[in-house]
Amino acid sequence: MIGFDADDTLWRSQDYFDDAQAEFERIVGGYVDLADVRVLDALYAVETANIAVFGYGVKGMALSMVESATQITGGRIAALDLHRIVEMAKGLLRHPVKLLPGIRKAVEAVAVEFDVVLITKGDLFHQEAKVRESGLSDLFRRIEIVSEKDPPTYARLLAEFGIDAGQFLMIGNSLRSDIAPVLALGGWGVHMPYRTTWAHETAAEIPTDQDQAPRMRVVAAPDALPAAVDALAVCARTPREA
Ligand SMILES: [Mg+2]
């Protein structure tokens, strides 16, 4: 079985968050000297602390921006500027889904030989809307929207799918959410980095020892996915020598 991540694996996502962060910096820059205050570092600290409270996604980002703007400006931020942050979040929730070039063909090719499932995290409402709008939902046997992509979550999903980790391969742009937890369980991974990644998603421990490294491949673009999946499937079917 092959799992696909969604944001920045099937469709563009982080670009919109990067734009929102740049806009946030401009808004806060009206109150403080950007040369003195590391605005985006302060925002990231608030966002990270809030993940356990809000979960992932645009709505949590917006609330963290409001909190961070209030802190950075010492409470001087105007209501109209807070409103700009809320409007920015609404824009993010409504942006059209833009598939990565070649991804439909790649998912279709992988789905010929394997069961494919979609595993994504973030706002339930937003993720459901994007899946619907993507036109890809028919290709997936199951669509799982989860609050965190960690080993316990993957273990629970694999139990529901009725397969062992060794029969599962995850494809995604995030080492932290898509690759590391699946490798840790004994599964397989194909990492397809996106050109921009939220700092939170790059922090991951990837095993580099002889035993684990061959369980992962890295590809640059969707058209290389089917071959990478096939290569790892051959490894999975070949008994390892002691
Ligand atoms: Mg992703």
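The values are calculated or read from the model by the stated rules, or taken from the named source; none is laboratory data. Note that the coordinates shown come from a computational prediction; the quantities given were computed from them, not determined experimentally. Cβ: placed from backbone, ideal geometry, glycine included. Neighbour counts: every protein chain shown. Calculation scope for accessible area: heavy atoms of the full protein, side chains included, ligands and nucleic acids excluded. Shrake-Rupley method; radii C 1.70, N 1.55, O 1.52, S 1.80 Å.
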Exercise. Within region 1-46, track down each residue that is aliphatic (A, V, I, L, M), free of Cβ contacts under 8 Å to residues at least 40 places away in the same chain and not in a loop (DSSP other than H, G, I, E, B).
Key: A22, V39, L40, A42, L43, A45, V46
Exercise. Just give me the residues in region 4-53 being of a type in the set (G, A, S) and either within 12 Å of the ligand (Cβ to nearest atom) or at positive phi (or both), in sequence order.
Key: A6, S13
Practice problem: Output the residue which, of all residues in region 135-147 that are under 13 Å from the mean Cα position of the chain (by Cα) and among the aliphatic types (A, V, I, L, M), is least open to solvent (accessible area, probe 1.4 Å). | Solution: V146
Exercise. Please work out if A69 is crowded, with 18+ Cβ neighbours inside 10 Å, part of a helix (DSSP H, G or I) and not assigned by TED's automatic domain parsing to the domain that holds G162.
Key: yes
Practice problem: Go through region 175-202 and give me each residue that's closer than 11 Å to K149 by Cβ and touching a residue at least 60 places away in the same chain (Cβ under 8 Å). | Solution: S177, D178, V182
Quiz prompt | Residue match in region 88-96 (condition: under 18 Å from I171 (Cα atoms) and either modelled with pLDDT of 95 or more or part of a loop (DSSP other than H, G, I, E, B) (or both)) | solution = no
Exercise. Return yes when G186 is at pLDDT 75 or above and within 13 Å of the ligand (Cβ to nearest atom) and no when it is not.
Key: no
Practice problem: Return only the number of the condition from (1) within 29 Å of P96 (Cβ to Cβ); (2) outside any loop (DSSP other than H, G, I, E, B); (3) modelled with pLDDT under 90 that P214 does not satisfy. | Solution: (1)
Quiz item: Can you tell me which residue in region 12-46 is modelled with the lowest pLDDT, limited to those that are farther than 22 Å from T197 by Cβ and open to solvent by less than 70 Å² (accessible area, probe 1.4 Å)?
Solution: V37
Self-check item: Options D178, D115, D150: the member that is in the same structural domain as A231 (by TED's automatic domain parsing), within 15 Å of the ligand (Cβ to nearest atom) and open to solvent by 20 Å² or more (accessible area, probe 1.4 Å)
Solution: D150
Quiz prompt | Boolean, R195 is within 16 Å of the ligand (Cβ to nearest atom), part of a loop (DSSP other than H, G, I, E, B) and of a type in the set (D, E, K, R) | solution = yes
Quiz item: Does any residue of region 109-122 turn out to be among the small types (G, A, S) and part of a helix (DSSP H, G or I)?
Solution: yes
Quiz item: In region 47-62, which residues are buried (at least 20 other Cβ atoms within 10 Å of the Cβ) and either of a type in the set (K, R) or in a helix (DSSP H, G or I) (or both)?
Solution: E47, V58, M61, A62
Quiz item: Taking region 47-92, which residues are without any contact (Cβ under 8 Å) to a residue 12 or more places away in the chain and aromatic (F, W, Y)?
Solution: F54
